[in-house]
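Accompanying notes for the structure given below.
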Amino acid sequence: MKRFLNCLIFLLVFFLVRQKTFAALGDAEIRGSFDGSDIVIKTTARLAGAIDSLTWKGKEFVDSTDHGRQIQTAWNVNNYGQCYNPTEAGAANDGLKNQSSTSLLLDFRITGQSYITKSKPAFWLNPGVYDDNCEWDVSSSSPPWKSGYTINKTKVSNFILEKNVKIGWQNLDNVIEYVSNITIPQDQNLDVPIRSMILVHPAIYMPTDFSVFYRYDLRTASLSQLMPAYGYSPIPAILATPDGKYSLGLYTPDISWSGFPDNEQKAYTGYATLDWRSFGNTMLLSTRIPVKPEAKSTFDPGTYAYRSYLIIGTLANVQNSMIRLYRYFNSSGLADLNADGKVDIFDYNILVGNFGKTGAAGFTPADIDNNGKVDIFDYNILVGNFGLPAGKAGK
């Protein structure tokens, strides 16, 4: 009998210990390596899979105070501002201490250095709430918002957000690819027809020691400090510590250099930089991208994909990788090399055959780039060494 009781106690203790090791859905981390240190991204069930922490060399890059900060995807519909505002991490009422989120995390998977989430974002404000930022007033510039009541009739939206975050991209170890697929449901599952969206992709709230704001014009590799650190622009932005040892940049090919001149919110679109030390003791780096259907007055039900890239490191690291990202998305003439529009290792024979290197003794991809691969970053070298027409040079 005593032996039986001992076995029972052992099994009970073992079961309880094992229970603690099973993390809640969304409690996880992924890692990559850059410059001798791990890049670590942590997500939590508390935030429905939004990024709760981003560290490099032990430095925290995320302010995760409530459910509206973090690194996360959000959008507002039909210029309703916070009054129709699906928000990945949760709702305003989830507050500072709530260990759960109104948003519903449906699936969470990790593959190597990436993670994938599927969720139904909460509306930022509950039904029936009166708010000052409820409708864009095109007739006024100060303030540009009208007050009113929330449009949503439920706490949780029927939009589906599928997000893929990956550390490391195209041989750039300090680049984090951030992709969101937003599924708009059938009209009967919506409170209003979707005529337009302002996509925040992502919002990046950072600690206040990231106090130096830059614009980085990738066309000319010109870095300029923002004074004051508030504004919206089609020129990508970087936030850094004063010594430049820790920096985070944001780039997306979804923002053109001309911005969004035809949008009613044109002055508040592009890359946003906000010094909110006096308001919420935080710093903000984000995008505000207007999205409208191409040929109709409302969006068809379906899935719409958007991508952004976070670049982490020293200020010099971030500048270097942002330039390489820009060249990847903006070089012309690549289709002349390969039908897939990329210069990669599979183009080696094409390059040899078409550019006069057939039979050259000892020619290998390492002759082009010191990483041993023929890739997109060799484009300008290829232009110089393989006789592409001058007009094909990258932008």
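Please specify each residue of the stretch 217-235 satisfying the condition of being part of a loop (DSSP other than H, G, I, E, B) and of a type in the set (S, T, Y).
T220
Of all residues in the stretch 245-279 being without any contact (Cβ under 8 Å) to a residue 40 or more places away in the chain, surrounded by fewer than 18 Cβ atoms within 10 Å (Cβ to Cβ) and part of a loop (DSSP other than H, G, I, E, B), which is nearest to the chain's Cα centre (by Cα)?
S256
For the stretch 193-229, name all the residues that are surrounded by 13 or more Cβ atoms within 10 Å (Cβ to Cβ) and at pLDDT below 90.
A229
Can you pull out the residues in the stretch 157-190 that are among the hydroxyl-bearing types (S, T, Y) and within 18 Å of the chain's Cα centre (by Cα)? Let's see the steps before the verdict.
Of the residues in the stretch 157-190, the ones among the hydroxyl-bearing types (S, T, Y) are 157, 178, 180, 183.
Across the stretch 157-190, the qualifying residues are Y178, S180, T183.
Taking the options R69, R31, name whichever one is exposed (fewer than 15 other Cβ atoms within 10 Å of the Cβ) and among the basic types (K, R).
Numbers: R69 fails: exposed (fewer than 15 other Cβ atoms within 10 Å of the Cβ).
Every option except R31 fails the conditions.
Can you pull out every residue in the stretch 299-327 that is farther than 28 Å from L161 by Cα, in a helix (DSSP H, G or I) and not small (G, A, S)?
Of everything in the stretch 299-327, those that are farther than 28 Å from L161 by Cα, in a helix (DSSP H, G or I) and not small (G, A, S) turn out to be L315, N317, V318, Q319, N320, I323, R324, R327.
Which number in (1) part of a loop (DSSP other than H, G, I, E, B); (2) free of Cβ contacts under 8 Å to residues at least 60 places away in the same chain; (3) under 27 Å from K266 (Cβ atoms); (4) not aliphatic (A, V, I, L, M) marks the one condition that N152 misses?
Evaluating N152 over (1) part of a loop (DSSP other than H, G, I, E, B); (2) free of Cβ contacts under 8 Å to residues at least 60 places away in the same chain; (3) under 27 Å from K266 (Cβ atoms); (4) not aliphatic (A, V, I, L, M) leaves (2) as the failure.
Please work out which one of (1) over 23 Å from the mean Cα position of the chain (by Cα); (2) buried (at least 19 other Cβ atoms within 10 Å of the Cβ); (3) over 19 Å from G68 (Cα atoms) is the condition K153 fails and give its number.
(2) is the only condition that K153 fails.
Would you confirm whether or not the stretch 3-26 contains a residue that is at pLDDT 95 or above and assigned to a loop (DSSP other than H, G, I, E, B)? Even if it seems obvious, please write down each step before you answer.
Step one: of the stretch 3-26, the residues at pLDDT 95 or above are none.
Taking every residue of the stretch 3-26 in turn, none turns out to be at pLDDT 95 or above and assigned to a loop (DSSP other than H, G, I, E, B).
D254 - would you say it is modelled with pLDDT under 95 and acidic (D, E)? Outline the logic, then answer.
Numbers: modelled with pLDDT under 95: yes; acidic (D, E): yes.
For D254, the condition - modelled with pLDDT under 95 and acidic (D, E) - is met.
Given (1) in contact (Cβ under 8 Å) with a residue 40 or more places away in the chain; (2) of a type in the set (A, V, I, L, M); (3) touching a Lys or Arg at 6+ places or on another chain (Cβ under 8 Å), where does A45 come up short, assuming only one miss?
(3)
Among the numbered criteria (1) modelled with pLDDT of 95 or more; (2) under 17 Å from I110 (Cβ atoms), which one does F61 miss?
Only one criterion in (1) modelled with pLDDT of 95 or more; (2) under 17 Å from I110 (Cβ atoms) is unmet by F61, namely (2).
Scan the stretch 126-140 and give yes if some residue there is farther than 30 Å from R31 by Cα, in contact with a Ser or Thr (Cβ under 9 Å, 6 or more places away or on another chain), among the polar types (S, T, N, Q) and assigned to a strand (DSSP E or B), otherwise no. Full working, then the answer.
Let us first name the residues in the stretch 126-140 that are farther than 30 Å from R31 by Cα, namely 126-140.
So of that shortlist, the ones also in contact with a Ser or Thr (Cβ under 9 Å, 6 or more places away or on another chain) come out as 126-135.
With the extra rule that they be among the polar types (S, T, N, Q), the set shrinks to 126, 133.
Within this subset, residues satisfying the condition of being assigned to a strand (DSSP E or B) are 133.
Among the residues of the stretch 126-140, at least one is farther than 30 Å from R31 by Cα, in contact with a Ser or Thr (Cβ under 9 Å, 6 or more places away or on another chain), among the polar types (S, T, N, Q) and assigned to a strand (DSSP E or B), which makes the answer yes.
Would you pick out the residues in the stretch 208-227 that are in contact with a Lys or Arg (Cβ under 7 Å, 6 or more places away or on another chain) and of a type in the set (A, V, I, L, M, F, W, C)?
L226
Could you say which residue among T298, T287 is buried (at least 19 other Cβ atoms within 10 Å of the Cβ), under 20 Å from R195 (Cα atoms) and in the same structural domain as F213 (by TED's automatic domain parsing)?
Working: T298 fails: buried (at least 19 other Cβ atoms within 10 Å of the Cβ).
Sole residue among the options that is buried (at least 19 other Cβ atoms within 10 Å of the Cβ), under 20 Å from R195 (Cα atoms) and in the same structural domain as F213 (by TED's automatic domain parsing): T287.
The values are calculated or read from the model by the stated rules, or taken from the named source; none is laboratory data. It should be emphasised that the depicted structure is a prediction, and the values quoted were computed from it without experimental measurement. Glycine gets a Cβ as well: all are built from the backbone with ideal geometry, and neighbour counts include every protein chain shown.
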